[in-house]
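Following: one structure in structure tokens, then a few remarks.
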Amino acid sequence: MKLRMGLQARFLVLMGVAMLVVLALVALLLNRQERMRNEVEGVSRQAMRTMVGQSLRRQGEVAVTQLAAALTNPLYYSDLDAVGALARSALAAPDVRYVIVFDEEGKVVHDGSEDIAHYGRHMDDAMAKQVIAATALHTQFDDRVMDVSMPILIGQERVGGVRIGYDMQAMRRFQDQSVDKLRSRLDTLGQRHVIWIGLLGAGLLVFGALSLWLIQRLLVRPIRRLAESAQEIEAGHFDTTTPADGRNDEVGDLMRAFDRMSRSLARHDREIRRMAYTDALTGLANRLAFREALDERLDQSSGRQLALLFADIDDFKRVNDTLGHDAGDDVLLECAHRIESAVARVGGEDALLARFGGDEFVILVQGKDDPLDEVRTLATKLAETLVVDLGKPVEVQGRQVFLGTSIGITLFPEDAASGTTLMKNGDIAMYQAKVAGKNCFRFYSRAMNQAVERRVHLEQELRGAWDRGELSLVYQPVFRLVDGAMIGAEALLRWRHPELGFVAPSVFIDVAEQSGLIEVLGPQVLHAACSDAVAWQKTRKDPEPLFVAVNVSPRQLRNGDLPNVVSACLRDTGLSADLLHLELTETAVIGDELHASALLSELRGMGVRVWLDDFGTGFSGLSHLRRVPVDGVKIDRSFVADVLRDPDDLALTTAIIAMAHSLGILVVAEGVEKEGQYSILRERGCDFAQGYWLGHPVTVDEFLQLQR
């Protein structure tokens with residue numbers, strides 16, 4: 001657990017550290033003061049010793065000089081009384097230890113005593129030799145005495161000399177007394193310093209306590225209030241107030257700013273919640289709001305029945321692609337208004353409506369305490385109303401747009417016990433309504449769930465099927481009707497699963513398209529087909545080369561990268577661009593003519609041929625065919641199948657051939673399974689044909705055998 005240290009505690013620690021620093025400085029100062037006192041004492045002692053010694057020396061030299069002058073005549077005339085009187089007078093001076101008058105040979109003449117005990121003795125002390133030999137004023141020192149001597153001269157003749165010894169112990173006593181007085185003075189000054197330092201420390205403690213009280217009052221308490229307010233805001237209580245207590249300083253400004261911030265956060269929180277739970281375009285509840293409301297209804301259902309309607313606007317993408325997103329928004333607003341109106345009329349008071357995004361709307365209706373049939377009837381009536389209302393044309397940008405809606409209905413608790421499962425079942429039922437032809441509604445059944453599970457299983461198995469070698473290409477020959485020559489082949493993808501066996505192309509191609517796997521499989525199929533076509537040309541004896549036709553899905557076309565994929569494939573395999581025919585469904589091209597025309601023009605500029613597959617099943621028209629740059633069209637097998645029995649199909653097929661030829665476009669007929677169909681198509685001028693009567697799809701090795 002991490003120890004938390006507040007501002008007040010940190011200040012206390014800081015004050016403690018400061019006090020320790022001050023105490024350390026005081027201790028250092030006192031130590032330095034003691035050392036300075038010792039140094040001052042030593043220097044003073046040395047200076048005093050020097051000063052006293054010099055003073056005593058001057059005093060002794062003066063005294064010796066005067067005494068030597070006074071003794072000149074008495075010593076010359078051997079007047080011992082006069083010599084004694086002068087010696088005793090000098091001996092009586094302070095600090096004089098001895099006075100010795102001696103003759104020229106160094107013998108004692110007088111020592112200032114009454115009996116002159118050493119009279120006539122030769123001076124033999126440690127200093128006597130230098131005294132006798134001295135020719136002028138001479139001073140000597142030892143530990144006990146300072147000896148000052150001077151010869152006594154009459155003219156140039158030395159008649160003797162005089163010595164005065166001064167006591168050094170007296171000088172040291174004076175020096176010690178002076179040093180003691182100095183030490184006492186220094187001790188007094190040191191005590192005063194200690195007192196001042198103590199007063200300073202006490203002042204610092206008082207200042208620290210006062211500062212701590214002020215910090216507690218002026219900083220810590222307001223900051224704690226701010227922290228408590230922040231915790232309230234963190235907990236979601238944005239309406240928390242932070243009073244500034246009338247303060248006009250920076251802390252007051254901070255508290256007022258914090259109070260304004262909390263009010264602003266409360267306002268923004270309300271706005272964010274509104275945005276988070278509301279669809280920005282329609283103003284309806286969004287997915288999040290609906291999900292929370294759904295969970296609440298399920299928790300409070302208490303045996304009441306619920307029905308969830310999952311509605312999807314049919315072909316809404318076509319509006320965005322053709323009229324633009326602004327027009328799409330207008331259409332969504334009109335659809336939302338119609339759905340809201342229908343729910344208000346039919347859905348009951350407890351009905352919930354939400355937009356899940358895009359063109360998806362979800363409605364929750366609640367039955368009463370009646371049996372389940374009551375909520376089923378209510379959901380059926382609401383779904384029928386929605387199908388009728390949304391099937392009416394929508395006026396946008398001066399044009400009428402016809403849409404519709406596919407609705408999936410699921411019931412609680414019959415179909416599911418949780419909100420997640422309920423919405424998943426509604427989505428599954430809506431998808432089944434799409435499969436059933438759109439603009440209708442379907443109730444969820446467990447069989448639908450099994451179908452979805454099978455579809456998911458197929459998607460999982462389809463991933464990696466190419467790498468596992470389960471997917472392969474077969475080729476159906478294409479013949480020229482004029483001379484019956486084989487001129488190329490269409491590449492068809494087949495899937496043989498090790499457990500499921502042969503999977504119909506109509507099944508797995510749709511799964512690949514819906515899941516996006518087609519964007520991976522498409523380039524792989526294209527590369528394999530081009531590689532096989534290169535192998536055909538190497539073994540073909542006929543000089544006329546064979547083309548290969550490859551189907552391109554609408555998703556690949558919408559992706560926009562198709563020209564780059566084709567260019568890379570041709571470059572890698574070495575196939576000539578004019579031998580590659582790309583087949584696109586008519587509805588995929590017409591769904592976004594401008595985008596498709598630009599891509600197809602780029603492909604044709606590379607030399608690739610472009611064919612419209614299943615022509616006649618979409619919005620066939622001369623105007624569309626003229627705007628889309630293609631090289632040929634393939635008449636759908638549904639027309640070819642009945643050309644021998646149905647005059648209308650024959651007339652339509654003949655018209656398609658004539659229309660295409662008038663634009664310089666070639667025509668291929670699919671699904672030729674009878675000789676009569678072949679004959680009538682050749683008679684009506686059709687250029688090429690393929691079908692089981694002409695040739696079944698075969699493997700690449702079998703196709704190579706057909707050329708020999």
Carbon and sulfur %, accessible surface of the chain computed with the full protein complex present, 1.4 Å = 54 percent
What percent do you get for the relative contact order of the range 459-707 when only Cα pairs under 8 Å and 6+ apart count?
-> 19 percent
What accessible area per residue comes out for the range 287-444, rounded to a whole number of Å², with a 1.4 Å probe?
-> 45 Å²
Whose amide H sits under 5 Å from the amide H of L481, counting only residues 5 or more places off or on another chain, with H placed in the peptide plane?
-> F688, A689
E104 and E544 label points (each 7 Å along its Cα→Cβ direction) are spaced in nm at 17.1 nm
Relative to the longest principal Cα axis of the chain, at what angle does helix 593-605 sit, 0 to 90 degrees, rounded to 10?
-> 90 degrees
Listed values [x] 18, 54, 26, 2, 0, 0; [y] 12, 22, 16, 10, 8, 7, 9, 11, 4, 0; [z] 16, 49, 32, 3, entry calculated as P(r) over Cα pairs in 20 Å bins from 0, in percent | [y]
Probe 1.4 Å, all protein chains present, accessible-area order of T585, T420, largest first | T420, T585
Subtracting the Cα-Cα distance from 0.36 nm times the residue separation, let me have the gained length for Q216 to L30 in nm, one decimal.
-> 63.5 nm
Percent relative contact order for the chain, counting Cα pairs under 8 Å at least six residues apart, stands at 7 percent
Spin-label pair T188/Y76, simplified geometry with 7 Å Cα→Cβ offset, distance in nm | 5.8 nm
Separation in nanometres of the label points that stand 7 Å from Cα toward Cβ, at I272 and K438 = 4.1 nm
Taking 0.36 nm per intervening residue step and subtracting the Cα-Cα distance, what contour gain separates E675 from R645 on full extension?
-> 9.4 nm
What is the gain in length, in nm to one decimal, between R480 and R49 on full extension, counting 0.36 nm per residue of separation less the C-alpha to C-alpha distance?
-> 141.0 nm
With Cα atoms, 0 to 90° folded angle of helix 562-573 axis to the chain main axis | 90 degrees
Could you give the longest part of the chain that holds none of the GluC sites (Glu not before Pro) found in DSSP loops with at most 16 neighbouring Cβ atoms within 10 Å?
-> 115-348
Distance between Cα centroids, the range 69-142 to the range 654-708: provide it in whole Å.
-> 166 Å
Could you go through the range 540-548 in sequence order and give the Karplus-derived ³J(HN,Hα) for each residue, using 6.51 cos²θ - 1.76 cosθ + 1.60 with θ = phi - 60°, rounded to whole Hz, and x for Gly and Pro?
-> 6, 8, 5, x, 6, x, 9, 8, 10
Which loop trypsin sites (Lys or Arg not before Pro) in the range 48-126, with loop taken from DSSP, have no more than 16 other Cβ atoms within 10 angstrom of their Cβ?
-> R121
Nearest 0.05, what FRET efficiency do A293 and A504 give at R0 = 35 Å with Cβ-Cβ as r?
-> 0.25
The range 19-127: chymotrypsin sites (Phe, Trp or Tyr not before Pro) falling in loop per DSSP and having at most 15 other Cβ within 10 Å = Y77, Y119
Antiparallel DSSP beta bridges within the chain, as percent of all bridges there, nearest 5 = 70 percent
Treating the beta-carbon of each Lys and Arg as +1 and of each Asp and Glu as -1, no other charges, what is the dipole magnitude of the range 437-504 about its Cα centre, to the nearest 20 debye?
-> 360 debye
For the range 97-219, percent of DSSP beta bridges that are antiparallel (nearest 5) comes out at 100 percent
With every protein chain in place, what's the accessible area of C686 (1.4 Å probe, Å², nearest 10)?
-> 10 Å²
For the range 331-421, averaging the sequence separation of alpha carbon pairs under 8 Å that lie six or more residues apart and dividing by its residue count, the contact order in percent is 23 percent
The range 459-707: antiparallel DSSP beta bridges as a percent of all, rounded to 5 | 40 percent
Give the accessible surface of the range 68-148 per residue, rounded to a whole number of Å², with probe radius 1.4 Å and ligands, DNA and RNA excluded.
-> 57 Å²
In Å², nearest 10: area of K424 left accessible to a 1.4 Å probe = 100 Å²
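The values are calculated or read from the model by the stated rules, or taken from the named source; none is laboratory data. Nothing here was measured: the structure is a model prediction, and the numbers come from that model. In this analysis, Cβ positions are derived from the backbone assuming ideal geometry, glycine residues included, and neighbour counts consider all displayed protein chains. Remember, those area values only see protein heavy atoms, side chains included, never the ligands or the DNA or RNA. Shrake-Rupley method; radii C 1.70, N 1.55, O 1.52, S 1.80 Å.
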